[in-house]
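The values are calculated or read from the model by the stated rules, or taken from the named source; none is laboratory data. For clarity, every value in this text was computed on a predicted model and none was experimentally measured. Glycine also receives a Cβ, built like all others from the backbone with ideal geometry; neighbour counts cover every protein chain displayed. When the accessible area is computed, the model is the full protein with side chains, heavy atoms only, and any ligands, DNA or RNA have been set aside. Shrake-Rupley method; radii C 1.70, N 1.55, O 1.52, S 1.80 Å.
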Amino acid sequence: MEHRKIFSVGCILAFLSILFFYAQAAYADKLADWEKLVQFNGSYAPFRSASAATHDAKFVSEWKKWHDEFTPFSQKFKKKYGATQEALTKSFDGLDAPDGVYVRPAHLLDLLTLDTDAQQKVIAGWLKKEGDEIYGRWEALKNPSKEKLELRADYAKRALNKYVSAEELSPGVADAAKAKAKKAVKESDALFKEAMENIKWPGHNPDFRGPGDPDVLAAEALQLLLKMKKEGKQWSKPEYDDEHIPVAACVSGSKWEVYKKEPLTQKPTQYSMKIFVAFKGTLDPDIAYGYHMFFYTDEKSGVKMAPPFYYCNSQQYAKFKMLMDNVPGGGSGAGATSAGGMAIVLRLLLAFLLVACGIAVWEAFFRDKLPQLSSLYDMLSGKKEILGYALMAVAVFSLFRTVFFLFSPLADLLPQLVALALGLTLVSVENVAQRSKNEKMQIGLSWLEKVKNSLKPHQVLLGQIAVALGIVHLVLGCVTFI
């Protein structure tokens with residue numbers, strides 16, 4: 001008999017334990033549902049009204065996620081706890097709110113009874129309305145100037161994006177409007193691309209006064225941008241919604257500008273340089289993004305007007321699209337960087353030939369000062385004419401490149417002219433004229449012979465200038481390589 005009593009008491013205690021366990025689990029679930037309902041209420045904020053958020057692709061994606069998660073949750077919640085204020089008050093009566101929760105479920109009845117499918121149609125209507133407004137701006141620009149063609153094309157694309165998003169949420173709501181916007185995009189893009197063909201690469205500013213070589217400054221600017229991209233650093237926010245990979249650069253300013261000064265002495269502590277940079281993206285391989293940018297030296301006392309640059313930003317409202325075919329290097333980032341490298345190599349070659357030819361014509365001075373290099377003087381003396389032709393060829397190529405490719409005729413003009421003059425004094429123009437059967441060429445060569453004869457008395461002076469210029473450019477070129 002005693003055993004039966006003990007067994008009965010044990011069963012009762014076990015039953016009560018199970019009931020307590022389930023009660024605790026139900027209590028925990030109720031608190032979790034309460035907390036989750038409040039979280040959904042907070043994340044619903046952007047979707048309450050048309051003015052609550054920007055309706056871009058991210059907004060549409062977030063709404064779809066919220067809709068797909070909240071709809072089944074609200075159905076289960078109402079089934080478990082009721083769908084009236086009275087039922088919700090009774091279900092959560094006597095429960096302490098979870099940590100950080102300050103609103104009770106009965107006060108969120110509007111959210112629980114929300115028709116999410118109907119709200120999705122409302123949001124689609126917001127997008128349709130915005131698309132109509134943007135399309136109206138496109139229509140208003142019927143005969144835009146060339147400067148407005150990019151804006152008109154942008155209006156068409158933005159309107160189309162709004163209609164596509166509206167259709168995604170509510171099929172049929174913007175079907176006809178989407179078809180109109182597609183035609184608008186096609187028309188606008190064609191006109192804009194035609195206009196872009198006339199936008200050529202600006203090249204270095206012909207009035208740039210230095211100091212510094214424009215090619216080197218542009219190459220330094222590209223190196224900084226590539227370094228920043230590699231390190232994940234950002235210059236001022238790019239205005240086109242695409243990746244920005246630096247492709248080519250040219251000096252657009254006429255001089256260095258003082259950016260910061262010491263407060264008492266007013267001595268410059270930082271300089272800036274205006275440089276135009278073209279970037280390529282990933283959306284359209286035929287389009288380049290052009291930005292007028294400012295590049296800055298280090299900030300310190302006694303700062304020089306020279307690279308390296310330490311940071312940069314873009315000039316506000318000074319960007320545009322252009323065809324990648326009109327960018328030096330054809331859109332290759334490596335090609336654009338190597339353009340600066342090619343300029344340095346060309347400059348080093350010109351500098352080397354200037355020094356070699358200068359020593360060859362100023363031989364007496366060097367033999368007197370450095371007699372131990374007599375074998376070098378003998379070699380250069382025996383190769384004067386070959387050196388002269390080489391010097392003129394490099395000078396002509398360099399001049400052609402700066403004038404017709406970089407559109408910067410003043411870059412390296414002094415060493416180029418000295419090289420042409422000195423090289424002409426070393427070559428045998430008369431022999432070439434005698435061998436030529438072309439009468440016009442003979443006239444031209446005879447004119448060059450007269451120029452050569454007028455320069456011949458100044459050959460040593462030209463040699464001295466050539467050595468000086470050559471050494472300066474050799475030093476600058478080597479520093480750039482380092």
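Annotations
- Surface share of carbon and sulfur [accessible, 1.4 angstrom probe, percent] for region 74-212: 50 percent
- Gyration tensor (alpha-carbon) shape descriptor, region 209-253, a/c threshold 1.5: prolate
- Gain upon complete extension [L417, L109; 0.36 nm per residue less C-alpha separation]: 102.3 nm
- Computed over the alpha carbons of region 80-122, Rg followed by Dmax gives 12.6, 39 Å.
- Peptides 50-58, 456-464 ordered by packing proxy, namely the average of other Cβ atoms within 10 Å per residue, highest first: 456-464, 50-58.
- Solvent-accessible surface (1.4 angstrom probe) belonging to C312, in square angstrom, nearest 10: 10 Å²
- Note on A28/K58: beta-carbon distance plugged into 1/(1 + (r/R0)^6) with R0 of 35 Å gives a FRET efficiency of 0.50.
- Violating pairs (Cα-Cα greater than 26 angstrom) within the set K146/K260; K193/K319; K383/K452; K237/K280; K129/K180; K227/K300: K146/K260
- Computed label-point distance, nm, for sites Y389 and A50 using a 7 Å Cα→Cβ extension: 7.9 nm
- 23 Å Cα-Cα threshold exceeded, pairs from K274/K321; K200/K230; K229/K267: K200/K230; K229/K267
- A simple count of charges around K182, restricted to other residues whose Cβ falls under 14 Å of its Cβ and scoring Lys, Arg +1 and Asp, Glu -1, yields +3.
- Taking amide H atoms as placed 1.01 Å from N in the peptide plane, the amide H of Y259 lies under 5 Å from those of Q270, Y271, S272, each 5 or more residues away in sequence or on another chain.
- For C357, neighbours were defined as the other residues whose beta-carbon sits under 12 Å from its Cβ, and their charges (Lys and Arg +1, Asp and Glu -1) total 0.
- Check: region 178-223 dipole with +1 on Lys, Arg Cβ and -1 on Asp, Glu Cβ, in debye: 680 debye
- With a cut-off of 16 Å on the backbone N, the residues of region 286-300 near the modelled label site 7 Å out from Q270 along Cα-Cβ are 294-300.
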